Amino acid sequence: MNEEQRAELMAIAALVDAFVAEPTQRALDTILTRLRRLIRDVQVRAGGIEKLDDGTLKAIGYDGIELTGLRMISAMLRRELRVLFAPPAVPPRAVPGRNEIAAVCAEQAGAMRLLAQRVPPVNFGNPRQGFPGVPFTTLARHACVIDLGTNKLYLSTEPHVRIDLYGFTASIVQLRTLGVTFLGLTGIADLPPQEQSWLCGAAIRLFVEFAYTVPQLCCNVEIAAGDRKLYLRLVLTEDRALFLTCESRIALRARPTGATLQVLKESLRRTYQLRAVSEQGAVWTVEELLEIQAAFAKIPLADRGALVDLELVRSGSSQIDRPDAAQHRGYYDTVNHSFTILNGAFADLNGFVGSGDDAVPYSHFVILHEIGHVVENWYRVPGGQDGGALALFGAQVEALQVQPFTIYAWHNWAAKPIEFFADAYSYFLNDPGAMEYVSHQLLTWFRQGGYRITRGGTRLAMTGLAGPLQTLLGALDGLCNALTAVRSTDQKAVDSLRVSASTLITQLRALFDTLTGYWDARIERAVLWWVAELFKSEATPRLSPPGGGLPAPTVFAELKAIFLRERETLATLLAVVVTPPVRTLRRVSSGACTILMLPDGVTVVRGRRGGDRVMRSLPRAVAALRELGFTGVTLHDSTGGISFWEYTWLYNAAATVFTDCDSQFALAVNVSVAVPSRDRPLLVRFTFFANRSLWIECENVAPALAVPPSVETSTQLLRDRYKVKAVTTAGGCAWTAGELVQVCDAFTKLPAADRRVLQNCTLVRGNGATLGKGTYEAATHTLTFSDATFTSLTEGFHGRSGAVAPPSHWNVLRLVGQAAAMHNWAWDDEPPLTVSLCLGPFTTAATHLGLGASITLLAPDAQPQWIEFFADAYALNLCEPYLLAWISPGLQSWFATGVYRQYVG
């Protein structure tokens, strides 16, 4: 602020003092009006916003913490004092007395006077040169305790250092004095004043603790005030910008299931093939085993082989002979292949790990850190040669120039680099958003299993699988010869066929079981399983017809055709598959395909690009996916039951969709599959992971409204609930009741804070090639919808079971996303900005996270624009936040916490 602005702020503080003696609505309106003008003037003169000759506003920068302080002061005065003159509220709100009014005014006037003072710049050194003794980017966790008796705060690790707690606005001013340049607040402004002071007090204490020694910081903080607990995510950047997020959604502890201690032990032992779940000097509790169970569930399937024959031990103290043994929370014994967990893992008050709905107790970090040691030991090259998981990890962090990002790993880096791997592995599973903040490339490397080596050093399908497969193929040849020679009246020969078929199925399942735990043979196992299932469903009932007796004469030829076809399927497993190139950037898309029977009786799968793929048997369809480069396939059904034939259709459809998308991995596609036996399409999400595995999810559809509301009813709802200016038409078009229902349903996904974007907005139903799927005009604040905006479930979908919606929801919310990017969040009565305030920070965040300029598939000649990227990400966060988190946990958190609302004009 300049001198003129400081003088104005001091004058407003004097008006606040005078308000205590004469609290009138006119006096309060004067205070708030002058504050609003001052805020605008500060931003304009600081280069944050410029008014052009035509009256429009142009964003050219943002001042930072001074504006945040002014806005919070204004918000506190409005919230605490306007109730004096407001009509009776429902439910009624207590009107503050004279002493309460005096306290509010004294706090805000004091904050104004402090804010009006000049603050000399604080020298934190040069973060780019690093600080001695700490990594450049630090991930940490802490716990703060509030002494309610003295109203002081201290760190649990330093109870002797206590600081006074300030009010909310005074705390913001204090942070400015300490050298904070920008303050981002999420989920804090609406908390009770006392809890606001606790969170800001923790921020002050941790800023003082870290700002002079750590260039960049991401810290999870648990704040205990008596029985009340708050959870804070604190991010400090190298330019001393501070972002605070109150994690109000956290449900930390695992939920009780009613299972007994013995049931939990046995469940863990059987699920992960543990050697034992034992006790030495301490006793397991149900709560502890629930946390173990919840932590183990995050271990990737590919890594769970490391847990086979592991002994899980609960002990009260460390048995290792080291000076710091008392500080240990757990350890892994490579000789005995045992993981011992100590009291400190569960009792230590040391913050939490993760964020939002995924936040968990710190014990999860301890557990999965030690599992990192187990996994590293499992992925060692036999004979102690170089090239194991630790060597791969070391080469990767060196190539990426990533330093150890925890203080513990930093101090152990030279002597024990394994601690860096274990910490990184734990963060990868517990808090991928924090790891992405350090290095999105390292997170991608972990997600793709870059630390995994092929056990044995060679492709299993070319060694361990080849011999047994040749034996199976020989048995199949013998069975086919027997089917050719058998006569339908020869009881002895038919009995021999039954035995041979049963033996073949048993051999297939035995080979399937043999390959358990071999991650690099997942898809081969799937082929073996489905061949065995097909043989069981076809051979057993045909060779042993209901009611007894001999099979019909035609059965033998039919079975021979089936066995020969699947012999070809098994033979494909001997072929070496050339690994296709895989990109690392993740994308989303949508599509449709149809399964139909041609006049000649051939069933085909027809994709979006046309062209028919002949339907293959289920085992052959899985083998075809292997030939396309997939290494594993999993199907999850939430529709209540998928038949064998529907499995066949879906695996065939997966290959068609994959080729429709130019055979791209790292892609999630929502597809509507029209099938012959259903009156509505199957809604399926195909996720083609970068590690070349396929995940298929079948979704349920919520029943449609029997009679949709009328056009008039929906129009009135839009005016009343969202305060839209008008719902009109253009170019001879007309709204239908169904279209307005889709618009209303899409708008219900908007956060309450974002509904203000629609205020005074005009909704137009138009058409034309230039409209595409709709447009937004900032100059007139108009959303225009076209025919292409409104699509049905036959063209794709968004959402999961219970919340499945047509693609039109995505189209509508993309347009709202464009309006949100141009919205002036500080002043709802001002027109939208001509240049987005939040687009620059969004571009910076997306670039830092390595996301390029799009999250959707684009045509080769398409030129992605950042405003389109913002709108896509905005819509995806509202329609399918889990997919945005899959693409980038950091970007999903950026939207979920409403960071784009902090950049205001």
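One table, with the values for the structure above:
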quantity	calculated
Accessible area in square angstrom per residue, region 137-247, 1.4 angstrom probe	33 Å²
Per-pair calculated FRET efficiency, R0 = 56 Å: Thr177 and Arg509 via Cβ, rounded to 0.05	0.20
Length added when fully stretched, Glu627-Ser801, from 0.36 nm per residue minus Cα-Cα	59.5 nm
Antiparallel bridge percentage (DSSP; both residues within region 711-902; nearest 5)	35 percent
Solvent-accessible area per residue for region 673-811 (1.4 angstrom probe, square angstrom)	44 Å²
Förster radius 30 Å - calculated FRET efficiency between Val161 and Arg98, Cβ distance, rounded to 0.05	0.20
Fully extended contour minus Cα-Cα distance, from Arg498 to Ala414, at 0.36 nm per residue	23.8 nm
Share antiparallel - DSSP beta bridges, region 137-247, percent rounded to 5	60 percent
Rounded FRET efficiency, nearest 0.05, which uses the C-beta distance separating Ala297 from Glu238 and R0 of 41 Å	0.70
Inter-probe distance in nm under a simple model that places probes 7 Å from Cα toward Cβ, at Asp190 and Arg36	2.2 nm
Order by protection proxy (mean Cβ within 10 Å, highest first), peptides 839-847, 526-534, 361-369	361-369, 526-534, 839-847
With every protein chain in place, region 587-699: carbon and sulfur % of accessible area (1.4 Å)	50 percent
Portion, in percent, of the accessible area of region 137-247 that falls on carbon or sulfur, probe 1.4 Å	52 percent
Sulfur and carbon atoms: percent of accessible area, region 460-572 [1.4 Å]	58 percent
Probe 1.4 Å, accessible area per residue of region 260-318, Å²	43 Å²
Distance (nanometres) between label positions extended 7 Å along Cα→Cβ at Arg78 and Arg118	3.3 nm
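The values are calculated or read from the model by the stated rules, or taken from the named source; none is laboratory data. These figures come from a predicted structure and were not determined experimentally. We place every Cβ from the backbone using ideal geometry, glycine too, and count neighbours over all the protein chains shown. The protein model used for the area step is the full one, side chains on, heavy atoms only, and it has no ligands, DNA or RNA in it. Shrake-Rupley method; radii C 1.70, N 1.55, O 1.52, S 1.80 Å.
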